1. Near the amide H of Leu228, under 5 Å away, which other amide H atoms are found, from residues 5 or more places off or on another chain, if H is placed in the peptide plane?
2. Show me, for the stretch 183-190, the HN-Hα J-couplings you get by feeding each phi into the Karplus relation (A = 6.51, B = -1.76, C = 1.60, θ = phi - 60°), rounded to Hz, glycine and proline as x.
3. Can you give the three extents of the C-alpha atoms in the stretch 172-246 along their principal axes, from longest to shortest, in whole Å?
4. Could you tell me what percent of the DSSP beta bridges with both partners in the chain are antiparallel, to the nearest 5?
5. Using the Cα gyration tensor of the stretch 116-246, with a ≥ b ≥ c the square roots of its eigenvalues, what is the shape: rounded (a/c below 1.5), prolate (a/b larger than b/c) or oblate (neither)?
6. In whole Hz and in residue order, list the ³J(HN,Hα) couplings for the stretch 61-66 that follow from phi through the Karplus curve 6.51 cos²θ - 1.76 cosθ + 1.60, θ = phi - 60°; x for Gly and Pro.
7. If you average the C-alpha positions of the stretch 1-40 and of the stretch 88-108 separately, how far apart do those two centres end up, in angstrom?
8. How many times 2.2 N^0.38 Å is the alpha carbon radius of gyration of the chain?
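The values are calculated or read from the model by the stated rules, or taken from the named source; none is laboratory data. As the structure is a prediction and not an experimental result, all values here were calculated from the model. All Cβ positions, even for glycine, are placed from backbone atoms using ideal geometry, and neighbour counts span all protein chains on display. Each accessible area value is taken on the protein alone, full model and side chains, heavy atoms only, with ligands, DNA and RNA left out. Shrake-Rupley method; radii C 1.70, N 1.55, O 1.52, S 1.80 Å.
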Amino acid sequence: MTEAQQRQAQHYLTQAKRVVVFTGAGISAESGVPTFRGQDATWKGMPAAIASSIGLLEQDLTTAWEWFDYRRTRLKAAAPNAAHIAIAQAEKHFAEFLVVTQNVDGLHQKAGSTRVVELHGNLWRGRGLRTGKQYDLPDAPLPTLPPRGEGDEPLRPDVVLFGEMLPAGAFETAEIAATRCDVCLVIGTSGVVYPAALIPFAARDAGAAVIEVNPEATDLTPHVTLSLRGQAGDIVPRLLAAVSGA
Ligand code: BJW
């Protein structure tokens, strides 16, 4: 990020009344959480895309749970980083502020964000295979896999896999906020997964400034107002310091 880009992004943010922060796995990378499409995105030799597939879940729920519980156990030790914290601290400075995350790690809430829409669910919950009832599962590792709910109903992880619908209302809430916002900050996502990746487009098409923060160019880069190269934990606090007066 150049000085001029930083000034431009800070200008957009200090003028904004309504902000949407759209995040992906990259925002948690500096908390030690592997990204979805990064080099270390394998488990027992299996690409993350296979381990997190509906196919594995339907064929072998226990193995699917082993993968998710392995991630939950690693996540337990993970702390929000400077980017999560700066976002949590920024929410009170805007009339409207919404974090729209694709992440299932819960780190935005752990940092103190209260206005969060989770498009792809949350690893810290299970969902009844039959009833769809949600259960908080704060312990990791879990004592038995698969975990069970009332009436001994087996639970699945309460996350959204490819081919599955997003949680009722989640995308709609995010899309409405995107069409109302002045600035959409897009942090740490490759922008290849839909319908989530439509959020920055909805913001742009409604006239918002869309600011991307990512060490790499992505599918979204050609479509954003400003693309800032670098790590979220470095750039995001610098941008948001301008609105909090820090
Ligand atoms: C840093 C950094 C640092 C590194 N700082 N940055 C339209 C066209 C074609 C296909 C479709 C379409 N619409 C829907 C589809 C199908 C499909 C889809 O999108 N496919 C595409 C891949 C082609 N979508 C779906 O199936 C969705 N459901 C749906 O559409 O329902 C309707 C429907 C139902 C039935 C039939 C048809 C339609 C559901 C999508 C669910 C996604 N689930 C996952 C797994 C969650 C559970 C788990 O965690 O295991 O969600 S997949 C995975 O990708 C995960 C993520 O949330 C998601 C996005 O990934 P993300 O966050 O962008 O991570 P990465 O790794 O890709 O990128 C990290 C980035 O960070 C990189 O850019 C790095 O450079 C950067 N980075 N360090 C800042 N320090």
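1. Residues meeting the criterion, in which the H sits 1.01 Å from N, are Glu212, Val213, Asn214.
2. Per residue, the Karplus-derived 3J(HN,Hα) values read 9, 10, 8, 10, 10, x, 10, 6 Hz.
3. Result, largest extent first: 33, 26, 18 Å.
4. Taking every DSSP beta bridge within the chain, about 30 percent pair in antiparallel fashion.
5. prolate
6. Once rounded to whole Hz, the list reads 4, 5, 5, 4, 5, 4.
7. Each part's Cα centre sits 12 Å from the other's.
8. After normalising by residue count via 2.2 N^0.38 Å, the value is 1.02.
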